[in-house]
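Step one of this worksheet: look at the structure below.
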C-alpha cells in the first residue's frame, strides 16, 4: 500500500471554514474603508479651502490690490487653483469684512466638512 497523498475531506472543510470566517470580518471592513476614504477626501478639500481663505486674507491685508474680496463662503471655492473639484459644493453664507464664519462643504455620498471662511473687502 502506497502512502496517502493530498488532503482529506475534513482538512479541506476546515480550511474553507477558516476562509469563510475571515471573509465575514474582512468584507465589512473593506466597505467601511470606502466610506472613510470619501469623508477624508471631503475633509481634505475643506482644509484646502480654509488654507486658501487665510492666505487670501493675509495677502489682501498686506496689499489691498492683491488677493480677492470675499463676502460669501461660495466665493472661497474660486480661490482654489483649478476651482472647486467636481462633485463638491459650498453652502452659501454671507461673511462680513474682517470677520470669519464656519462654512460648510458638501461632498459626494452626503459627506460634509466645515472650514473657516475669512471675509475681506
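All of the numbers you see were taken from the coordinates with simple rules; none came from a lab. Predicted model only: the values in this text are computed from it and were never measured. With ideal geometry, Cβ positions are generated from the backbone for all residues, glycine too; neighbour counts draw on all protein chains shown.
Quick notes on this structure:
- Filter result for residue 112 (without any contact (Cβ under 8 Å) to a residue 40 or more places away in the chain and surrounded by fewer than 18 Cβ atoms within 10 Å (Cβ to Cβ)): no
- Residue count for the stretch 60-73, restricted to those that are part of a helix (DSSP H, G or I), touching a strand residue (DSSP E or B) at 6+ places or on another chain (Cβ under 9 Å) and over 16 Å from residue 84 (Cα atoms): 2
- Among (1) touching a strand residue (DSSP E or B) at 6+ places or on another chain (Cβ under 9 Å); (2) in contact (Cβ under 8 Å) with a residue 12 or more places away in the chain, the one test that residue 44 misses: (2)
- Test: residue in the stretch 31-46 that is in a helix (DSSP H, G or I), surrounded by 13 or more Cβ atoms within 10 Å (Cβ to Cβ) and more than 26 Å from the chain's Cα centre (by Cα): no
- Criterion: surrounded by fewer than 13 Cβ atoms within 10 Å (Cβ to Cβ) and either at negative phi or out of contact with any strand residue (DSSP E or B) (no Cβ under 9 Å at 6 or more places or on another chain) (or both) - qualifying residue of 107, 82: 82
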